[in-house]
Amino acid sequence: MVNTLSVKPADRLSARLPQSLSRLADLAYNYWWCWTPDLISLFQNINPDEWERCGHNPVMLLESVSFERLTQLSIDPVFAKRLKKVAEKFDRYMAGENTWASKVAPQISRQHPVAYFCAEFGIHESLPVYSGGLGILAGDHLKSASDLGVPMVGVGLLYRQGYFHQRLNRQGWQEDYYIDNPFERMPLELMRNAQGEPLTIDVHVRQRNVKVQIWRVQVGRVSLYLMDTDREDNDPIDRWLTGHLYGGNQETRIAQEIILGIGGVRALQALGIEPGIYHLNEGHAAFCLLEVARLEIQRTGKSFYDIEASVRNRCVFTTHTPVPAGHDVFSADLMDSFFAQYWAQLGLSREQFLALGARRLGDPWEPFGMTVLALRLCRAANGVSELHGHVSRQMWNVLYPERSEEKVPIGYITNGVHASTWTSALFDDLFSQYLGEDWHNKVLDPQLWEKVEQIPDEEIWWRHQVLKERLIAHTRFKLRQSRQDRGEDAGWIQAVDHMLDPKALTIGFARRFSPYKRGDLLLRDAQRALKIFGNQDRPIQIIFSGKAHPADEEGKRIIQRLMEWCKQSAIVNRVAFIEDYDMHTARKLVQGVDVWLNNPRRPLEASGTSGQKVCFNGGINCSVLDGWWCEGYQIDATGKGTNGWAIGKDAHTSDQELQDKIDSESLYQLLEETIAPLYYDQDANGIPHGWIKMMKASIRTNSLAFNTHRMIADYVTHLYAPGAVAGVGRSLAKVPTA
Ligand SMILES: *Cc1c(COP(=O)(O)O)cnc(C)c1O
């Protein structure tokens, strides 16, 4: 008898659709759609309003759209043709055999894929289990691995309520709230055993056994497995273990990391997956190393120290944090209460066990560091930009006292972004015309990007302007909603219709509001800023977005300062703050702004990726020379930037006050003397040719290096390859194109 529970969700959805539309179901259950413009457009056409209401979740859309509408579409030959075409494209993609990886890295086999562990994954806004850059990077990593045919599975947690949602009260103070994720209406499949029961694994947490179930998300050819403890047979407290991303106290944190690391290895085992390589993206997942060791001890009967080398051989680590305080550490007390039974299974004493995570051996107060554990038990490690590699070697020299700083075994592979995800449909279409239909498959080819110079100025400009208008429409919509929710008076709500002008120079600033990102640097001299943004002849406008972590009072104060500042009448229509930053707002912003502003405190931005997204859409970066921009920024013979601007140039000091002064002065000067004049130097038709020259340079020089296809190629050749000991990335020349 067929167990009705074990019917795959895509089949269940398909049964609801008219026969000729049945392919929509399996397309909805694979996130490949979210980087395929023809398919995005198809879903949207089913019912544009419903598409928005469903938060761009195609499963929810197909479940809620009326049967009448579906039958209407089922007899529409144009729709049918489009569906057939995109379904064929999907089938070709999924079957793809002649992939980049099959040629370059045949040693990574389907039988032994790379297992990529991360605490958060940002695939799409309809799967809200991410907080910021780390998650987006992980999502883009999986997408490029899929495109290039690198055998990979992702491992993470499925949070019932994800990261918090943000709203600002009338005082401009951030309040947080949470929304349940409706797993059953999301593109997720619960993994089941042969009896049709949910497949579970056991993890011992706080003296209790916790049952963990596993969901699968399909990201092109890559499966992402997300673990979830919200089961009726768990203790109510344990059901919340996977409730929130980066919520709770240290105890919740360690418990989550145990589920992620130890549970993750067990989940793969239960699924019959035997990874060839474990890739730990940031220290959160480092407990996975202990479990890999435990299984090896169980299998071989050898001691921990005998199998240590074989564990190291299979594990690689990427660090993302350039400050010591940013790395997860747990007190010895906490380790005792969570691991007292575990270390015996490794055949280790308490002291031997705690030594694995101790920065300095023999210090009884030394906490257990996840980065330390990862560096000790991984074959290779990398930072995420050249500068960050350098900072990491300096920071972790303490673990290798016999080595000089440059010999510390941490290399770097600079981050990138997934080109198809972040390029607007209008620019995708433009690139198809001028770079070639298959430009997505050639992003590693330097000649491809040279062709950007052939795009006529008028052509790139009208598309950019349309995208800017769309960004402004989105901003007004979000602002109206916020003001309504706050119960503001009618006049103030209506005033959003006068917000922002598509003709004006438009700057974007959006990211997490961590204090090191200096979201209010612009306000250091608030009067000067008012003059610049209130300028009548050369108006400048700016759109902010981003959340401060709920425990970060200083981050919240920065947001409040911005909200206070933008009320002034001279700039009331020129400064906007969009609440509850997510991937949807991020896409609108990076695709619509003229300038992307980033002014972190150097060298605290390990890489940063949002500025890279802008480049694929002709946006221009104005940023501190930190993270990736150190490598991206180019100058001409006279020292002038050719593809963007550098705030503060090379003036670096450890005096924070002074650095803020230098950087803010530099920013004001750039805006007044360089950026605004270039933008407003327009011909009779309103076309700024000098500006467009820089837009093209931004695309041409950055897109090649800062995309995740290049990044994955680097990971494959410098980290996953059997002999690799430390990644030093940016190996464009050595990488054949797909
Ligand atoms: C890209 C992205 C980030 C990362 O931004 P950075 O400026 O690199 O820190 C954060 N949040 C969202 C939603 C993003 O899309």
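Of all residues in region 138-149, those satisfying the criterion of being of a type outside the set (S, T, Y) and open to solvent by less than 10 Å² (accessible area, probe 1.4 Å) are A138, G139, D140, H141, L142, K143, A145, L148, G149. Would you pick out the residues in region 471-522 that are within 16 Å of the ligand (Cβ to nearest atom), of a type in the set (D, E, K, R) and not in a helix (DSSP H, G or I)? Scanning region 471-522 gives R511, R512, R518, D520.
Specify the residue that is farthest from N281 (Cα to Cα); the eligible residues are those in region 673-716 that are open to solvent by 10 Å² or more (accessible area, probe 1.4 Å) and hydroxyl-bearing (S, T, Y). Outline the logic, then answer.
Going through region 673-716, the residues open to solvent by 10 Å² or more (accessible area, probe 1.4 Å) turn out to be 673-674, 677-678, 680-687, 689-690, 693-694, 696, 700-701, 704, 709.
Going one step further and asking which of them are hydroxyl-bearing (S, T, Y), we end up with 674, 680, 701.
On the way: T674: 39, Y680: 44, T701: 27 Å.
Going through the qualifying residues, I end up with Y680.
All but one of (1) under 30 Å from H112 (Cα atoms); (2) in contact (Cβ under 8 Å) with a residue 24 or more places away in the chain hold for W343, so report the exception by its number. Evaluating W343 over (1) under 30 Å from H112 (Cα atoms); (2) in contact (Cβ under 8 Å) with a residue 24 or more places away in the chain leaves (2) as the failure.
On the basis of being open to solvent by 10 Å² or more (accessible area, probe 1.4 Å), closer than 30 Å to S146 by Cα and touching a helix residue (DSSP H, G or I) at 6+ places or on another chain (Cβ under 7 Å), does D428 make the cut? Spelling it out, D428 is indeed open to solvent by 10 Å² or more (accessible area, probe 1.4 Å), closer than 30 Å to S146 by Cα and touching a helix residue (DSSP H, G or I) at 6+ places or on another chain (Cβ under 7 Å). Restricted to region 509-533, and to residues there that are crowded, with 21+ Cβ neighbours inside 10 Å and among the small types (G, A, S), the residue that is nearest to W596 (Cα to Cα) is A510.
Could we say that Q536 is farther than 24 Å from H474 by Cβ, open to solvent by 50 Å² or more (accessible area, probe 1.4 Å) and away from the ligand (no atom under 16 Å from the Cβ) here? The answer is yes for Q536.
Kindly indicate which of A293, A267, A286, A255 is open to solvent by less than 30 Å² (accessible area, probe 1.4 Å) and closer than 14 Å to V153 by Cβ.
Answer to the check: A267.
How many residues, within region 430-444, are under 24 Å from the mean Cα position of the chain (by Cα) and of a type outside the set (A, V, I, L, M, F, W, C)? Residues in region 430-444 being under 24 Å from the mean Cα position of the chain (by Cα) and of a type outside the set (A, V, I, L, M, F, W, C): 3 in total.
Let's see how each residue does on (1) free of Cβ contacts under 8 Å to residues at least 40 places away in the same chain; (2) in a helix (DSSP H, G or I); (3) in contact with an Asp or Glu (Cβ under 7 Å, 6 or more places away or on another chain):
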{"position": "P409", "(1), (2), (3)": "no, no, no"}
{"position": "F431", "(1), (2), (3)": "yes, yes, no"}
{"position": "E437", "(1), (2), (3)": "yes, no, no"}
{"position": "L444", "(1), (2), (3)": "no, no, no"}
{"position": "W449", "(1), (2), (3)": "no, yes, no"}
{"position": "E453", "(1), (2), (3)": "no, yes, no"}
{"position": "W462", "(1), (2), (3)": "yes, yes, no"}
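Could you tell me which residue of region 572-584 is farthest from the ligand (Cβ to nearest atom), considering only residues that are open to solvent by less than 10 Å² (accessible area, probe 1.4 Å) and over 18 Å from I532 (Cα atoms)? If we take residues in region 572-584 being open to solvent by less than 10 Å² (accessible area, probe 1.4 Å) and over 18 Å from I532 (Cα atoms), then I578 is farthest from the ligand (Cβ to nearest atom). From the list N617, N598, the lone residue that is at pLDDT 95 or above, within 11 Å of the ligand (Cβ to nearest atom), buried (at least 24 other Cβ atoms within 10 Å of the Cβ) and farther than 16 Å from H388 by Cα is N598.
Among the listed residues S569, S623, S610, which satisfies the condition of being near the ligand (Cβ under 10 Å from one of its atoms) and free of Cβ contacts under 8 Å to residues at least 60 places away in the same chain? Walk me through it before giving the result.
Values: S569 fails: near the ligand (Cβ under 10 Å from one of its atoms); S610 fails: free of Cβ contacts under 8 Å to residues at least 60 places away in the same chain.
S623 is the lone residue from the list that is near the ligand (Cβ under 10 Å from one of its atoms) and free of Cβ contacts under 8 Å to residues at least 60 places away in the same chain.
Here is a yes/no grid of residues against (1) of a type in the set (A, V, I, L, M, F, W, C); (2) out of contact with any strand residue (DSSP E or B) (no Cβ under 7 Å at 6 or more places or on another chain); (3) modelled with pLDDT under 95:
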| position | (1), (2), (3) |
| --- | --- |
| D176 | no, no, no |
| I179 | yes, no, no |
| Q213 | no, no, no |
| L226 | yes, no, no |
| E232 | no, yes, no |
| D238 | no, no, no |
| I254 | yes, no, no |
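Among residues of region 69-87 that are closer than 22 Å to T36 by Cα, those with a beta-carbon under 6 Å from a residue that is among the aliphatic types (A, V, I, L, M) and crowded, with 16+ Cβ neighbours inside 10 Å at least six positions away or on a different chain give the pairs S74/L21; F79/L73; R82/L42; V86/L39.
Quick check: is even one residue across region 585-595 among the hydroxyl-bearing types (S, T, Y), within 13 Å of the ligand (Cβ to nearest atom) and closer than 21 Å to K478 by Cβ?
Of all residues in region 585-595, those among the hydroxyl-bearing types (S, T, Y) come to 585.
Keeping just the survivors that are within 13 Å of the ligand (Cβ to nearest atom) gives 585.
With closer than 21 Å to K478 by Cβ added as a condition, the list becomes 585.
Checked against the condition, which is being among the hydroxyl-bearing types (S, T, Y), within 13 Å of the ligand (Cβ to nearest atom) and closer than 21 Å to K478 by Cβ, region 585-595 yields at least one hit.
Just to verify a result, which residue in region 470-487, among those that are at negative phi and free of Cβ contacts under 8 Å to residues at least 60 places away in the same chain, is least open to solvent (accessible area, probe 1.4 Å)? Step through it out loud before you land on a result.
Filtering region 470-487 down to residues at negative phi leaves 470-486.
From what is left, the residues that are free of Cβ contacts under 8 Å to residues at least 60 places away in the same chain are 473, 476-477, 480-481, 483-484.
Details: A473: 58, R476: 68, F477: 120, R480: 73, Q481: 79, R483: 21, Q484: 99 Å².
Step by step, filter region 470-487, then rank; the result is R483.
The criterion of at least 1 residues that are open to solvent by 60 Å² or more (accessible area, probe 1.4 Å) is met by the following strands (runs of 3 or more DSSP E) wholly inside region 188-247: 200-205, 208-219. Here R557 passes the criteria (1) within 22 Å of the chain's Cα centre (by Cα); (2) open to solvent by 30 Å² or more (accessible area, probe 1.4 Å); (3) more than 13 Å from the ligand (Cβ to nearest atom) except the one numbered (1).
Evaluated against (1) out of contact with any Asp or Glu (no Cβ under 8 Å at 6 or more places or on another chain); (2) surrounded by 18 or more Cβ atoms within 10 Å (Cβ to Cβ); (3) of a type in the set (G, A, S), S102 falls short on exactly one condition, (2). Selection of region 8-33 for residues being out of contact with any strand residue (DSSP E or B) (no Cβ under 9 Å at 6 or more places or on another chain), in contact (Cβ under 8 Å) with a residue 40 or more places away in the chain and open to solvent by less than 10 Å² (accessible area, probe 1.4 Å) yields L13, L21, L24, L27, A28. Can you name every residue in region 276-325 that is of a type in the set (A, V, I, L, M, F, W, C), assigned to a helix (DSSP H, G or I) and under 20 Å from S392 (Cα atoms)? Across region 276-325, the qualifying residues are A285, A325.
Can you tell which of L17, L61, L27 is closer than 12 Å to A87 by Cβ and at pLDDT 95 or above? Steps first, please.
On the way: L17 fails: closer than 12 Å to A87 by Cβ; L61 fails: closer than 12 Å to A87 by Cβ.
One residue alone meets the criteria, L27.
Among the residues of this structure, Q634 counts as one that is open to solvent by 40 Å² or more (accessible area, probe 1.4 Å) and at pLDDT 95 or above. Under the condition of being more than 16 Å from the ligand (Cβ to nearest atom) and either without any contact (Cβ under 8 Å) to a residue 12 or more places away in the chain or small (G, A, S) (or both), the residues counted in region 101-159 number 11.
Among what's in region 150-171 and is among the charged types (D, E, K, R) and closer than 26 Å to W51 by Cβ, pick the residue that is surrounded by the fewest Cβ atoms within 10 Å (Cβ to Cβ). Before the answer, list the steps.
To start, the set of residues in region 150-171 that are among the charged types (D, E, K, R) comprises 160, 167, 170.
Imposing the further condition that a residue be closer than 26 Å to W51 by Cβ reduces the set to 160, 167.
Values: R160: 20, R167: 14.
Here the answer is R167.
Would you check if there is a residue in region 643-657 being within 20 Å of L444 (Cα to Cα) and within 14 Å of the ligand (Cβ to nearest atom)? Within region 643-657, not a single residue is within 20 Å of L444 (Cα to Cα) and within 14 Å of the ligand (Cβ to nearest atom).
Going through region 588-647 one residue at a time, which ones are of a type in the set (S, T, Y) and under 20 Å from the mean Cα position of the chain (by Cα)? First the steps, then the outcome.
Pass one, region 588-647, residues of a type in the set (S, T, Y): 607, 609-610, 623, 633, 638, 642.
If the condition is that a residue be of a type in the set (S, T, Y) and under 20 Å from the mean Cα position of the chain (by Cα), then S607, T609, S610, S623 are the ones that fit.
The values are calculated or read from the model by the stated rules, or taken from the named source; none is laboratory data. The model shown is predicted, which means the values in this text are computed figures rather than measured ones. Methodologically, a virtual Cβ is constructed for each residue, glycine included, from the backbone with ideal geometry; neighbour enumeration extends over all protein chains shown. The protein model used for the area step is the full one, side chains on, heavy atoms only, and it has no ligands, DNA or RNA in it. Shrake-Rupley method; radii C 1.70, N 1.55, O 1.52, S 1.80 Å.
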